[in-house]
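Comments concern the structure below.
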């Protein structure tokens, strides 16, 4: 593992922790998008180029956009409620940095053959278009239906509240 | 033509979402039951041109869907339960907008389940399992009541763990097999069965599916989700949704892809028997009807996994047959609880009594479903449990067979207790004016009871014609 990989992994862990620990939903979404960017960079480093492209476009782009749209439909917290939320959050996940440090020390003592895994990864059978439209079009159909389900979910759970109000 | 089972509901959803389709949206809840009804007709009449999978639309747009005997049983179960759920939606979900929204999400779940049972690729299987799961989250939380949101949240959290396990497993299988289709993975696993990565991958996928199926020790979300969800969602979840995403996928992978792993079979036998015991004993102590049925569901799913763990063709047949029977009798019991909730506004059994005289159709069909669940002849549940017990005995797992029989007695005990508390005895003063459930719920109950009795009576013919060929997937 090179120094770049170490830096990327460290940044990934920090942004993932920020996603879970922050009290503001919007900041959590931004931290999640940043996490996805670091995951995508690590995927590039592991020669999984197509997966990295998807991680960037879908996980760092589309999904945060859906989250932000949903958050836009909710009410903003008052400063008092936000302070309460911050305390609750801290009380719930105070142990998370400890777990991360302990897990990091434990994993640093284990040899993980990332180079071997990268070498084992099957070479893509073509460019992104052929993979998407010729090889994995069933999954693409599934993704469309998942997104449709998500949109209906937002409509049912959040927009209905607005309609009733 | 198999693609139509996924594409037609999807096209319908997209069409109804267009701005000019407003007049059609009002009729969506009337039109939607046509989809599962057509599915039932296609499975029962079995037109060869439709199921061959080579002509028509598949020539232009091949999604790699395949239907064998196991898929057909699942498609029939999905059709029956979704049809009944839509009948219940028409009776219990108030307001045109709400009914339309509910129906949309339900159809998304149906697309997910149909895709799941027709696919032959590990990654695509995972994608369509997620389609069903995402729509289930929304349906559980539909009422936006605190308990429903809590149930949905628990389901989301445990499903996220299952997702991580399954995706990790798919990644490892891809590394080993260099492909994700069932046949490629199966061949690769045979060639490198002692590989540690293979064992981790198999274990992770199976654990993920056990969470989705709600088996002990991953059952924490089941009682909360089933009890807190709106009545139609309880029918869908208990009847088919968790069975298609968890148990069907488990049967498909264990019997077809991971075939021949003795250690995996032993784990399944253990998980199955523990689920039977824990589910049945927990059901005994419940006072809420839906919670009791949820624990009963955990117990009955244990029987399915026990049959699967036998690792023999007869065990697989018993597992699949019990899965179908469970879809029918558990849906019926949840329709009965929906009927009680509609008339009494509660599912607390301590507030009920003597309702058999006030709600004769609900009472009679509930007794039939309970007897079938407990495995009383000649109802359908008896035959599937008998096959599982015989398969266990023949495979040499006699202790498991004895436990399965003994726990059937416990099942009978808690279901008879439920019947006594709800439908027998004196009617409390507060329920003196209670009347039979609405017509739609009665139709749903009678139809499901008819299937339970019909399958039981016609068992000898069904066994040779439909069930035995399922064992051929091994």
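Every read-out reported here was derived from the displayed coordinates using simple, explicitly stated rules and does not represent laboratory data. Note that the structure is predicted; figures quoted are calculated from it, not measured. Positions of Cβ are backbone-derived with ideal geometry, glycine not excepted, and every protein chain shown enters the neighbour counts.
A few comments on the model shown:
- Ranked packing of B:453-461, B:177-185, most packed first, by mean Cβ within 10 Å: B:177-185, B:453-461
- FRET efficiency, residue B:147 to residue A:111 (Cβ-Cβ, R0 41 Å, nearest 0.05): 0.30
- For chain A, the Rg and Dmax computed from alpha carbons only, in angstrom: 19.5, 57
- Overall dimensions of the stretch B:266-474 as given by Cα atoms, namely Rg and Dmax in Å: 17.4, 57
- Here r is the Cβ-Cβ distance between residue A:44 and residue B:191 and R0 is 25 Å; the resulting FRET efficiency, rounded to 0.05, is 0.20.
- Placing pseudo-labels 7 Å out from each Cα toward the beta carbon at residue B:37 and residue A:73 gives an inter-label distance of 3.2 nm.
- Whole-number percent relative contact order across chain B, with pairs defined as alpha carbons under 8 Å at least 6 apart: 15 percent
- For the residues of B:126-133, the average number of beta carbons from a partner chain within 10 Å of their own beta carbon is 5.
- Normalised convex hull volume, the protein assembly as shown, alpha-carbon set, Å³ per residue: 168 Å³
- Dividing the Cα radius of gyration of chain B by its Kirkwood radius returns 0.95 for Rg/Rh.
- Calculation over all alpha carbon pairs of the stretch B:225-284 in 10 angstrom steps from 0 returns a P(r) of 19, 37, 33, 11, 0 percent.
- Prolate is the label for the stretch B:183-265, because a/c, from the alpha-carbon gyration tensor with a ≥ b ≥ c as root eigenvalues, is 1.5 or above and a/b exceeds b/c.
- Sequence-distant contacts, meaning Cα pairs under 8 Å at least 6 residues apart, place the relative contact order of the stretch B:364-474 at 40 percent.
- Anisotropy class of the stretch B:368-474 from Cα gyration tensor, a/c 1.5 cut: oblate
- Stokes-Einstein diffusion of the stretch B:364-429 at 20 °C, 1.002 mPa s viscosity, Kirkwood radius from Cα pairs, rounded to a whole number: 166 µm²/s.
- As a ratio to 2.2 N^0.38 Å, the alpha-carbon radius of gyration for the stretch A:20-65 is 1.19.
- For the peptides B:199-212, B:326-339, B:9-22, the ranking by mean Cβ contacts within 10 Å, running from highest to lowest, is B:326-339, B:199-212, B:9-22.
- All-pairs Cα distance distribution in the stretch B:116-258, expressed in whole percent, bin size 10 Å: 13, 43, 28, 13, 3, 0
- Per-selection Rg to Rh, the stretch B:319-411 - Cα, Kirkwood hydrodynamic radius: 1.08
- Prolate/oblate/rounded call for the stretch B:1-89, Cα gyration tensor, a/c under 1.5 rounded: oblate
- Mean separation of Cα contacts under 8 Å (6+ apart) over length of the stretch B:266-474, as relative contact order %: 29 percent
- Ellipsoid semi-axes in whole angstrom, largest first, where each is sqrt(5λ) of the Cα gyration tensor of the stretch B:148-230: 32, 11, 9
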